[in-house]
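Report on the structure given below.
The values are calculated or read from the model by the stated rules, or taken from the named source; none is laboratory data. These figures come from a predicted structure and were not determined experimentally. Cβ coordinates were reconstructed from backbone atoms using ideal geometry, including for glycine residues, and neighbour counts include every protein chain displayed. What goes into the accessible areas is simple: the full protein's heavy atoms, side chains included, and nothing from ligands, DNA or RNA. Shrake-Rupley method; radii C 1.70, N 1.55, O 1.52, S 1.80 Å.
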Amino acid sequence: MASLGLSLLFWVFFIHLAGIYLYTRGFLLTRLALSDVNHCEDGQCTLSPTHKRAVLLVIDALRFDFLSPNPPHPPSPYHHNILRLPQELTAARPTHSFLFETFSDPPTTTLQRLKGITTGSLPTFIDMGSNFGGSSINEDSFISQFQAAGKKIAFMGDDTWTTVFPHSFDPNMTFPYDSFNVEDLHTVDEGVIQHLLPLLQDRAASWDLLIGHFLGVDHVGHRVGPDHPTMRAKQQQMDDVLRRVVDLLDDDTLLILLGDHGMDRKGDHGGDGDHETSAALWVYSKGPALLHPKAAIPAHLLTSRVFPGATVPNRHIQQIDLAPTLSLLLGLPIPFNNLGTVIPELFWHDKTGKDYTRALTLNARQVKRYLDTYRASASGGELDSAWEELERIWQSIDFDAKATDQDAQWRAMTTYTRQALAVCRALWAQFNVSLMTLGLTLLATGTLAASLLYLKLGALQEKWESWTGEVQRWYVTSMFSGALLGFVGYITVSRYVKGIGLFEALLFGSALTSSLVVIASARPSISSMSLRSLTSIPIPLILHALAFASNSFTVWEDHVVTFLLITSIVPSVFVGVAAPTSRLRYRILGFSALFAVSVRLMAVSTVCREEQQPYCHVTFFASSSLPSPPPFVLVLSLPIAFALPWVIKRFLKISQSDKGAAAIVLPWILPSTLLLGSAFWVIEHLDSSEALGPEWAGTLRLGRTLCARFAMGGVLLFGYALWWLVPLCLKISTETKPDHTAGGRTKTEVTVLGFANAYGAPYVIFWCLFLGLLYPVIQLTGQVVLALAAVAVLAHLEVVDSVRDVRGLEAVFASGNPSAILKPDTLQPASAPIRFSEITPLALIAVHAFFTTGHQAAIPSIQWKTAFVLTPTLTYPFSPLLVVLNTFGPHFLIALASPLLALYNVAPLPQPTADVKVRRDAARAALGMMVYHAALLLSSAVCSAWLRRHLMVWKIFAPRFMLAAVTVVVVDVAVLFGVGVGVGRVSDAVSKLFVAMNPK
Amino acid sequence: MPSRKVRTTPASSISAGSQPEVSLEAGSFFPFARYTSVVGVHTSLLAFSALLLPTTPTSLLTKGVSLYPNGSATAEDGFRRDIVGVLTENPVRTVAWMCVGSLILQGWWASWLNTWSIELRGHANAKGNSAPNSAEMTKQMLERRDWGNQRLAAFGRAISMTLAASIAFHVVTVLFGAPISSHPLHTFLMNLLLAILAVLPPAYVLGLPSTGSDSPSLVSRLTWIRLFAELSPRTPIERALVYPAAGAAMGCWVGAIPIGLDWERSWQAWPLTPAFGAMGGYIVGSLIALVTSATFAFAQVGREARDAQAQASKAKRS
């Protein structure tokens, strides 16, 4: 019987999983970042260098038309023909100076572009490498090739470089500047100039590659846009610097000037607009000519394009072509992952292009080796569809071609490298919009179906089980028939719609059909809707979901959640003020205040995310740079381990249900678990701060490992086993009394202490055991927060209970039969369904607890430390599991509490009516919790799909979507666990005990 | 003290219309023209005290004069920018000025409402008792003589309740997420403004809610609960007390939302948006109260006219 509600929840879970899977497949493109390095001991994989050193200047957001001799018509007085040096030199020395328009792959943000330029590859959001979290690169790049060749790199400018390459630059010649402050137009540029010119002047300076990254043009673009006198002044300054650099340049130093990306007409960038992806590249060799004066380069090698608005075509190449070109010009191997193609002009040193042939051959072989390696890797299947074509082109290359047939060889090799690039770009750099749409459709219909189910279950009374049984038959059948429809759809449509596989089609068909069937069978009748239902619109949920459309509110979600949480209890406070009895008034107002204070105190704890600076102070740790707990938390941690179980016991004592299992778990098991959990982190603090000296390290490590193992093992083996055997928190005493009314006979009187909360108290114990399991994995400040969260949850339950009492009283008053108030049975309106406004605070506490236990919707906030709670070294599967538990444990904990809304302070009589109601309400509370988080997921998925070309998508929207997706899975699992195991066991035990006690 | 309380509260509770016929009667002497004009003046002066008052005295006297030399569009534009600049330059000063302005205005508004409620009581008595009760008349005359002192004391009590409410609001604002330790003055002044807007008029007109167990204090308490917890006013005066107060609270709540945006505007400084939101919400609430009450009053007049007609025709037929 209990499985009916459970199977409904399982079905919703399936729809969620299907939607998340399809959307994620379309949105989060992954690429395996191979860490192989192109080694070249014998010098066979490179050319002899044409230059000894190179100066690489990056002017951020330098769009091609800023340098172009043929700017769009009419030229802008503010940004065209101002940076004139490149076009002047190109006109004067065409064999030494080369100007290109380059295509920079989206996302056109500096970090991604720097990775692309240096590795010659296409970055995606998740480069599945060994280093999941950091921004630093672990792929081969020309920077690492320089380093491997023992050469020195000097660097100045945008500090993005030092995050990507933390250890590559010579420490004496590294001058990073903060790239965050867009308001500041000059600091970075002046800093670069200040350090650049002396290094160029100083002939003894020992650099081999000098990188300078100017930010001014980009910042002017963001701040005032390109059509502004400030842009003119900025470009004038850049022109002056370039002239001085060229003056100071050695003959054997190659100068490369490039923009990492362009800017749109407003001066912003990040997306894939024509103006954003157009960046300039200028290569200048002061000494030797790179292009032979009489070179006759075949036209098919010289691709060109007309810049929007201009009339004359210009040479147009891929920005990543710089990686192989620069490597070979300086005598280094091509980076292993490169997909660029060498630029012909720069290797045409003789009339016939012998060096070019050699360069291109090296280039093609390198690409081939990369593709072979990728295909052999775990992700090799991605290349399946394109592999045959690539192999065919590869076979067509004739490597031993005679000079006469050279042209065909060049053509074949460039076709191969370009085809490889096109294939990989399709794989990694494009959203699969069809899959995203399918996923969004499923998420939307699934959320709608779950909401309707929630409403329907509330409207159905005792009949809910027969209805659910019928619907269950329906959706199970429709899942199979839907899969069949999906198959048919796949056969017919797959030729026209790219990127949808058979599995996806089956999944989509099955999930969509069954949700449509559920929507159809659970649709509310028009008559049941009224104006009154307008008051039950979940305003906090709507605001919470809408917040994801704005990057600011997504960044500040932790504050938004606090605000919404307090807002969500305002209606209860109003009810409390107007409550008809002073007992109810004090209960509602007092517990609301306790709830609000706990929530607000939780909100004190935060690890700030990067975007919240400078308005945020880290309080989760002692300071932003010192990841140890704040001192007062150290002092508080041990008292809290004792106080929290006492407080929970105190709550249960209100209903006299601190007996039975509660009398064992709360005074003994829980405090010892919490104590061990706190001790773990206190010892960890002693260990990491080396307070006792290094000779203690081994002992401390052993000590804390044991603490954590005893705490978690104790709960798992002992706590849950005990609860399973003795779940109830009742004290039943039987007393035999002489019956005065009937002469000599005796009467048996049974007293059940904890009767009023017979369902709720055992579940609270069940819930506390998970709290104990989670506690050791959460750092000290988080433990304080968890304790407050537990208090807030219990206070909320008490508020809900009293508000229901008030409503019950009001219903009795309104019924016109006020004397019914004297009959206790009518005070428990058996049919009052759970309201969504009761679920909302709980769902919000789940999100709140996530943020306040030291997490943010940003990958850097993952607490990797917790991987080593149970073991001193990385151990599978425990270490990743512990990190997941740490990150999503708070969500799980609070979602696990949602059935309490159905169970708390519910008396177990009469049976089986009470049991039926409890199980229905538990399923509804679980559904409500799922709906809340699914609505957040739907909103964040829609927003990240809509804003997928937004500047911040990979920093803000995509991480929030990932958080929402995992949260939905975690919440679903939590409520399934809660309803399946917790409610199932409690309802079994209670109904077995009380079925004999039905009032006659 | 208690005797005075006793005298004011039943009056207001009668006007509060615990019996439906009082509100029926109230419609017939709803002072539409006077009420409309007073609300108009009151709300525009409130807007003035929010937007222009904080720019005095230094800014408007020195800069304002020099900004108007040619009166062209650019000067106007410059003037507008200047006003935002001056308003946001020092949020504490701005909100303090708003408090001062609204304190004066709310004092006047509350006393006007009080006069209205006394008049209403007078009308009710005049209508209720066909023969004027001489004792009641004497009492009213005595009341009028004692006017000044009594009003001052009532105003003092209202002020003290406003202060207490501002402290309570401060706690609530912190619970909503306002900084705990920093910006105390900012937060407090914002809540003082909210209390002046929302609490001062009802505290003056209705008297303080008391915790006593005698029937007048019970009535007073129930009136407060009905108005501000159940939000169900029944007479025009109650609407003029409740709607603006609710509007101010909601405006304040809404005003917290734009602070989170990354627009880096000076007006996003704490607590400007909630303060201006409260002021705006108050004005909107006041206007809604006016429109609602006027609609009810006119509907009442229309119904009475129809009833009279029906009775007349009935009489004719018979």
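Numerical summary
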quantity	calculated
Positions within segment A:529-553 being hydroxyl-bearing (S, T, Y), assigned to a helix (DSSP H, G or I) and at pLDDT below 90, in sequence order	A:S533, A:T535, A:S536
Residue count for segment A:96-118, restricted to those that are closer than 30 Å to A:D350 by Cβ and either open to solvent by 30 Å² or more (accessible area, probe 1.4 Å) or not in a loop (DSSP other than H, G, I, E, B) (or both)	9
Unique residue being open to solvent by 10 Å² or more (accessible area, probe 1.4 Å) and under 30 Å from A:D801 (Cα atoms) when the list is A:A895, A:A858, A:A907	A:A907
Of all residues in segment A:485-501 being assigned to a helix (DSSP H, G or I) and surrounded by fewer than 14 Cβ atoms within 10 Å (Cβ to Cβ), the one that is modelled with the highest pLDDT	A:V488
Residue match in segment A:36-49 (condition: surrounded by fewer than 18 Cβ atoms within 10 Å (Cβ to Cβ), assigned to a strand (DSSP E or B) and modelled with pLDDT under 85)	no
Condition met for B:S286 (under 30 Å from B:L185 (Cβ atoms), more than 14 Å from chain A (Cβ to nearest Cβ) and in contact (Cβ under 8 Å) with a residue 60 or more places away in the chain)	yes
Exclusive hit being part of a helix (DSSP H, G or I) and modelled with pLDDT under 95, set A:V906, A:V916, A:V931	A:V916
Failed criterion for A:F66 (all others in (1) open to solvent by less than 20 Å² (accessible area, probe 1.4 Å); (2) part of a loop (DSSP other than H, G, I, E, B); (3) touching a strand residue (DSSP E or B) at 6+ places or on another chain (Cβ under 8 Å) hold)	(2)
All positions within segment B:234-267 that are part of a loop (DSSP other than H, G, I, E, B) and either within 14 Å of another protein chain (Cβ to nearest Cβ) or touching a Cys at 6+ places or on another chain (Cβ under 8 Å) (or both)	B:A256, B:L261, B:D262, B:W263, B:E264, B:R265
Tally of residues being crowded, with 16+ Cβ neighbours inside 10 Å, under 15 Å from the mean Cα position of the chain (by Cα) and among the hydrophobic types (A, V, I, L, M, F, W, C) across segment B:278-302	7
Residues located in segment A:603-625, provided they are open to solvent by 90 Å² or more (accessible area, probe 1.4 Å) and under 19 Å from A:S688 (Cα atoms)	A:S624, A:S625
Every residue from segment A:424-466 that is among the basic types (K, R) and within 28 Å of the chain's Cα centre (by Cα)	A:R425
Single match in A:R84, A:R53 (criterion: in contact with a strand residue (DSSP E or B) (Cβ under 7 Å, 6 or more places away or on another chain) and not polar (S, T, N, Q))	A:R53
Selection within segment A:140-159 - open to solvent by 20 Å² or more (accessible area, probe 1.4 Å) and in contact (Cβ under 8 Å) with a residue 12 or more places away in the chain	A:S144, A:Q147, A:A148, A:A149, A:K151, A:K152, A:D159
Helices (runs of 4 or more DSSP H) lying entirely in segment A:362-474 (those with 3 or more residues that are more than 30 Å from A:V12 (Cβ to Cβ))	A:384-396, A:406-428
Failed item in (1) of a type in the set (S, T, N, Q); (2) farther than 30 Å from B:E89 by Cα; (3) part of a helix (DSSP H, G or I), with B:N191 passing the rest	(2)
Residue in segment B:166-192 that is farthest from A:L601 (Cα to Cα), counting only those that are of a type in the set (G, A, S) and within 13 Å of another protein chain (Cβ to nearest Cβ)	B:A168
Single match in A:L874, A:L951, A:L936 (criterion: touching a Gly at 6+ places or on another chain (Cβ under 6 Å) and either at pLDDT 95 or above or not in a helix (DSSP H, G or I) (or both))	A:L951
Segment A:591-618, residues that are within 13 Å of A:T781 (Cβ to Cβ) and within 11 Å of chain B (Cβ to nearest Cβ)	A:L601, A:A603, A:V604
Tabulated pairs, segment A:59-79, first closer than 30 Å to A:I211 by Cα, second assigned to a loop (DSSP other than H, G, I, E, B) and among the β-branched types (V, I, T), C-beta under 7 angstrom, 6+ apart or interchain	A:N70/A:T311; A:N70/A:V312
Qualifying residue in segment A:634-654 (condition: touching a Cys at 6+ places or on another chain (Cβ under 8 Å), surrounded by fewer than 20 Cβ atoms within 10 Å (Cβ to Cβ) and away from every other protein chain (no Cβ under 13 Å))	no
Test for B:V199: is it open to solvent by 10 Å² or more (accessible area, probe 1.4 Å) and within 14 Å of chain A (Cβ to nearest Cβ)	no
Subset of segment A:744-802 (residues that are hydroxyl-bearing (S, T, Y) and open to solvent by 20 Å² or more (accessible area, probe 1.4 Å))	A:T746, A:T748, A:T751
Test: residue in segment A:268-278 that is within 20 Å of A:N81 (Cβ to Cβ) and either assigned to a loop (DSSP other than H, G, I, E, B) or among the polar types (S, T, N, Q) (or both)	yes
Residue within segment A:4-25 that is in a helix (DSSP H, G or I), at pLDDT below 85 and either surrounded by fewer than 17 Cβ atoms within 10 Å (Cβ to Cβ) or small (G, A, S) (or both) present	no
Matching option when the condition is open to solvent by less than 20 Å² (accessible area, probe 1.4 Å), in contact with a helix residue (DSSP H, G or I) (Cβ under 6 Å, 6 or more places away or on another chain), of a type in the set (A, V, I, L, M, F, W, C) and assigned to a helix (DSSP H, G or I), among B:A178, B:A275	B:A275
Pairs with Cβ under 7 Å, 6+ apart, first in segment A:378-391 and of a type in the set (D, E, K, R), second open to solvent by less than 50 Å² (accessible area, probe 1.4 Å)	A:E382/A:L427
Boolean, A:T673 is in contact (Cβ under 8 Å) with a residue 24 or more places away in the chain, among the hydroxyl-bearing types (S, T, Y) and under 30 Å from A:A989 (Cα atoms)	yes
Matching helices (runs of 4 or more DSSP H) fully within segment B:21-133 where at least 3 residues are open to solvent by 20 Å² or more (accessible area, probe 1.4 Å), modelled with pLDDT of 90 or more and closer than 24 Å to B:G148 by Cα	B:91-128
